[in-house]
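The values are calculated or read from the model by the stated rules, or taken from the named source; none is laboratory data. Keep in mind that what you see is a predicted model, and the values were worked out from it rather than measured. FYI the Cβ positions are ideal-geometry reconstructions off the backbone, even for glycines, and counts take in every protein chain you see.
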Amino acid sequence: MSNSVQQFVNGLKSRNKDTQNKTAQELSLYVKTELREMPYDDLVAFFEDFNHHIFEMLSSADTNDKKGGVLAINCLISGDVVNTTTQISRYSNNLRQLLPSSDICVMELAAKVLVKLALLPGSKGAESFEFDIKRAFEWLTEERTEPKRHAAVLILRELAVAMPTFFYQQVGSFFDHIMVAIKDPKPMIREGAGQALRAVLIVTSQREGTKQNNNPQWYNHCYDSAMECFNEVPTREKGFSRDDRIHGAMIVFNEILRSSNSAWEKKYIQLES
């Protein structure tokens, strides 16, 4: 048992991206096939052994180890074997330690798997959602810290994509907070905020578009907020570039056009391809 776990761990910690991804695929297949047929005591031993390695990988200073740990969690929850609240809570808490992180790839993967955990049977989905969205809003409100701000937009995007029903209850708060990231000095954070905005505009169009034409409310809100970016930089934002703010406004205009005009979206996709 320990030999098979160690083989997976070694592959997941590899500095070679292809080896790491190949090992993740093999582990995912193993979880969906052989692990399901395993006697209960052996299954418990497998998880105890693997969880020990996961904790070590996520606690490591090595980025490849951290990514390997996140990939391991993603693989282990891909079958039906992780179905207890205890295991899900443990993995969720482990992943939250990586948000924020100095490595963007690790944060992106951690945010995706964290939200995936909240959708599992046996998880406290609503409670997890409330915790993560509240924390993301707090990171956008408090004094700027680049990793926290980037983590916030990644989490918000994943929550909107995976849990639209829950997210719809928070759209007002989202639009109140997202412009902070849209105007951030870091291009990657602005672009990440734009991706989150796109996901949320899709949520509003799906929830409101079929029953009442409320979506212009959010389009107008976004438009007005974007237009403010063309004003002089407020005193509290001295040191921020006006060009950064204008770029943020362009991101917002682009997302409004994409979500409100299917013809524009098709042209946009053609230009990107």
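It is to be established whether one or more residues within region 146-154 are under 14 Å from the mean Cα position of the chain (by Cα) and surrounded by fewer than 17 Cβ atoms within 10 Å (Cβ to Cβ).
Yes; the residues of region 146-154 include at least one that is under 14 Å from the mean Cα position of the chain (by Cα) and surrounded by fewer than 17 Cβ atoms within 10 Å (Cβ to Cβ).
Being among the hydroxyl-bearing types (S, T, Y) and in contact with a Ser or Thr (Cβ under 9 Å, 6 or more places away or on another chain) is the filter here; which residues of region 54-109 pass it?
T63, S78, T85, S89, S92, S101, S102
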Could you please find all residues in region 136-145 being touching a residue at least 12 places away in the same chain (Cβ under 8 Å) and surrounded by fewer than 18 Cβ atoms within 10 Å (Cβ to Cβ)? T141, R144, T145
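What residue, among those in region 49-63 that are buried (at least 17 other Cβ atoms within 10 Å of the Cβ) and under 10 Å from N94 (Cβ atoms), is modelled with the lowest pLDDT? Quick ask: steps written out before the conclusion?
Quick first cut of region 49-63, residues buried (at least 17 other Cβ atoms within 10 Å of the Cβ) only: 50-51, 53-54, 57-58.
Then keep just the ones that are under 10 Å from N94 (Cβ atoms); that gives 51, 54, 57-58.
Working: N51: 92, I54: 95, M57: 97, L58: 96.
This residue is N51.
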Please report, ordered by residue number, the helices (runs of 4 or more DSSP H) entirely within region 140-183 with at least 1 residues that are closer than 21 Å to H247 by Cβ and among the aromatic types (F, W, Y). 171-182
Residues being closer than 10 Å to K66 by Cα and among the β-branched types (V, I, T) - total across region 97-112: 1
